[in-house]
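See structure below.
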């Protein structure tokens, strides 16, 4: 896991536009972690989460705050690890193959601005090593957003 954390830290270049980092990180997570079928970002715009860069099948374009795992994580400003998405009230099924989900809020200036969303076709896929890795990834993206706020309209 330490090698993966180092890879994430080196992959996210704080001197470039955050979109490049978001796209690369989505692909890295999707293809590096086993049993991940979707990884991407949603950003809060006009009070709604809107789809950002991702790697996987096409996804829901907008998610209202408080709806689904992503909307709930953003509105409550907390990481949500859902072992069985079919048991999560109001789950939004963008990909019928997804069985578990981990959503981590992203912050800028102490406010939630989006989420890192990772889905798996395996129930109960996410445990402490993956949560730590993806929390590190989210923190690195937050640094990218903060370093490039003049070109990132948040």
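The values are calculated or read from the model by the stated rules, or taken from the named source; none is laboratory data. Keep in mind it's a predicted model, so treat the numbers as computed, not measured. As a convention, Cβ positions derive from the backbone with ideal geometry for all residues, glycine included, and neighbour counts pool all protein chains shown.
For the stretch 105-133, a residue qualifies if it is within 26 Å of residue 3 (Cα to Cα), in contact with a helix residue (DSSP H, G or I) (Cβ under 7 Å, 6 or more places away or on another chain) and in a strand (DSSP E or B), and the qualifying residues are 105, 106, 107, 115, 116, 117, 118. When the stretch 60-85 is examined, which residues are found to be within 18 Å of residue 30 (Cα to Cα) and within 13 Å of the chain's Cα centre (by Cα)? Correct list: 70, 81.
Checking the conditions here, which among 15, 10 is more than 18 Å from residue 114 (Cβ to Cβ) and without any contact (Cβ under 8 Å) to a residue 12 or more places away in the chain? The conditions single out 10.
With a requirement of 3 or more residues that are touching a residue at least 60 places away in the same chain (Cβ under 8 Å) and surrounded by 22 or more Cβ atoms within 10 Å (Cβ to Cβ), the strands (runs of 3 or more DSSP E) lying completely within the stretch 18-104 that satisfy it span 36-45.
Of the residues in the stretch 2-18, not one is in contact with a strand residue (DSSP E or B) (Cβ under 8 Å, 6 or more places away or on another chain) and under 21 Å from residue 70 (Cα atoms). Of the set (1) more than 23 Å from residue 31 (Cβ to Cβ); (2) assigned to a loop (DSSP other than H, G, I, E, B); (3) in contact with a strand residue (DSSP E or B) (Cβ under 6 Å, 6 or more places away or on another chain); (4) at pLDDT 95 or above, all apply to residue 154 but (4). The number of residues in the stretch 105-135 being in contact (Cβ under 8 Å) with a residue 60 or more places away in the chain and out of contact with any strand residue (DSSP E or B) (no Cβ under 8 Å at 6 or more places or on another chain) comes to 3.
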